[in-house]
Every structure is written in structure tokens, then in C-alpha cells.
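Everything on this sheet refers to the single structure shown next.
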Amino acid sequence: MSKYETRRPDRPLPIRKSRAFPVHAGKGFLVTGGTGGIGRSIAELLIAQEARVVIADLKQESVDETVEALGGAAGGCFGVVMDVASEAAVAAGVAKSIELLGRVDGLVNSAAIVLHADPMSISRSDWQRQFEINLFGAYDVSRLVAAHMIEHSIPGAIVSIASESGKKGHVESLAYSASKAGMISMTRMLSEALAAYDINVNCVCPGGVATPMLKEVSEAYSEFTAEPAPEIFDKMVAAQLVRHIQPVEVARLTSFLLGDDAMLVRGQAVNADAGETPY
Ligand SMILES: NC(=O)c1ccc[n+]([C@@H]2O[C@H](COP(=O)([O-])OP(=O)(O)OC[C@H]3O[C@@H](n4cnc5c(N)ncnc54)[C@H](O)[C@@H]3O)[C@@H](O)[C@H]2O)c1
């Protein structure tokens, strides 16, 4: 018998420290939802890796705050107010981002909302809102950024933040889960469509990441179950890590997929859920 006992982890695994290398030096990236938990962390890491980044999000104030916190224009960080649900706002926001960065080498689609409802009575307007932001918005931004890359022969990358919900799904957030499944399928198709232009397209599927969105999810679940939201939040840990996934951990995977070392990973929905989803 082995001297190592097989057991379930009984202590939180530490977040590993990693060093930032200038793997994205000279590159420009656009991050939608860039003031949110995961988007901001991605922007922060890309800047540490010497990229220049435009943060796009809904509110001027939070865009300004985030840009300042990440070092401002002097540190390679810029901001654009953009509602991804509006085609006109996306067109203007992408054009502004190109102007600010000079060129866009990569896009991260992180903007999203999550709505919860009884699976048998989701309103049509909730379906529409959910899809307009999470899927149509991501498509619009991807299409315009890809057109810019093609026009300027930029070998680029697009990484969308999907979710384990797009694979397994949750009945309490059926429309959200369907929008993320759509994002996984869109990723596969765009990967094929854009390969000839040397644009690599992937998505990542996080599990429960400690961000404002997960707090929102625990509050919504609390209404279904009457269990206090903080207790639900605490339970949404990754079993193998015995803790929540941290945004920086999703950022590290996203940064890899945006980079030149990821050429063989194409059209994939890469799990970032610490082993919760086996496919
Ligand atoms: N937190 C998790 O547990 C988790 C798990 C799986 C997937 N995800 C996905 O990760 C991504 C980031 O989520 P997060 O946890 O950082 O959430 P978050 O709520 O902190 O960030 C989402 C950001 O999107 C922005 N946004 C919403 N609607 C927008 C619109 N119409 N136009 C532009 N921006 C808009 C919000 O203002 C916010 O800053 C989302 O796509 C989410 O679905 C999160």
C-alpha cells in the first residue's frame, strides 16, 4: 500500500504565484466588461505583460476608475464606454478602441449579465436581453475587430468568456446557460471562418469565480431556496481547490489563449473550473 493516503482535499489550495513576462509587448487588446471582476483582472494581467489595453464597459465612472487604477494612458490603459447590446455603440466603441490603440491584436468578450427565473416562465424580454448582451454583443464586437485584423493583416486572437453553464447549464438560469452554449458554438464557427486570416478564436468556461456576478447569483438562488445568500456563496467553491476560483486564474488562461503560443488550441471551449466539468 502506498504511503500516501488518497483523500479529498481538506484545505484550500493556495493561489499560485506567477511572474508576468512581456509576452504581449507591443500588442493592443480590447476587453469588454473590462470593469467587472474577470474583465478587469484580464486587463490588469495583459498590461503587466506589456500590452496596451482598452477597457470597454457600460458606465463612464467605473471605466474611468478602472483605467486610473490600472495606470492610465501612461501605463497603457485606456477606456471606452460601450453598451455591447447596441450595434451603434459597438461600432463607435470599436472604432474608438482602434484609434486609441493604433491596432487591435486581440479581443476579450467578457461583458455579460445573468438573469434568474423559473425555467417555465422566462419572459421573452429576459430572453432577448440575455442574448443581446451575452451573445449578439459578443458577435458584433468580434465581427468588427476581426474585420480590422483582416484589413490590416494582423494575426490576431479572440477569446470569449463563456461558462461551465454553457456545457452543463442551470435550470435557474436557463436563458443565461443557453446564451453561453451559443457562445461556445459561435466560437467553433468563427474559428473556422477566421482561420484563413490567421485569427485564432477560443472561449473559456469558468466555474464559480469570486466576482460581483457570483454574489448576484447567490442572491438570486437565495430567493429560490430561502437559504442566506452568503452561505450559498460560500458553498460555490471548486471542490478540488476548496475555495473559489480567483479572477486572476481565469486571466492567466485567457492571456495564454490570446498569445502566440496557443496556435494549436483552436475553436475550443477550455474549462477554467478547476476540474468540475469533465468534458
Ligand atoms: N463569476 C463567475 O462565477 C462566472 C462564471 C462563469 C462565467 N462567467 C462569465 O465571466 C464574464 C465576466 O463575469 P464577471 O464574473 O466578471 O461578472 P461582473 O458582473 O463582475 O462583470 C461583467 C461586466 O460586464 C459589464 N456589462 C454588462 N452588460 C454590459 C453591456 N450591455 N455592455 C457592456 N458591458 C456590460 C458589467 O458592467 C460588468 O462590468 C461574464 O461573461 C460571465 O458570464 C463568470
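Bear in mind that the values in this text are calculations on the coordinates, not laboratory data. Given the structure is predicted, the values throughout are model-derived calculations rather than measurements. Because the Cβ atoms are built from the backbone with ideal geometry, glycine has one as well, and the counts that use them run over all protein chains shown.
What the table shows:
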quantity	calculated
Sequence ranges 234-242, 183-191, 28-36, ranked by mean other-Cβ count within 10 angstrom, highest first	28-36, 183-191, 234-242
Angle between the chain longest axis and helix 87-101 axis [Cα atoms, degrees, rounded to 10]	70 degrees
Rounded tilt (10° steps) of 138-151 against the dominant C-alpha axis of the chain	30 degrees
Leading residue at positive end of dipole, the chain (Cβ point charges), from Ser173, His244, Ala20	Ala20
Net charge over other residues, Cβ less than 13 angstrom from the Cβ of Ile42 (K, R count +1; D, E count -1)	-1
Shape call, the range 115-174: gyration tensor on alpha carbons, a/c limit 1.5	oblate
21 Å Cα-Cα threshold exceeded, pairs from Lys215/Lys235; Lys96/Lys215; Lys27/Lys180; Lys59/Lys96; Lys59/Lys167	Lys96/Lys215; Lys27/Lys180; Lys59/Lys167
Where trypsin sites (Lys or Arg not before Pro) fall in DSSP loop in the range 55-136, at most 15 other Cβ within 10 Å	Lys59, Arg103
Degrees, to the nearest 10: 212-225 long Cα axis against longest axis of the chain	40 degrees
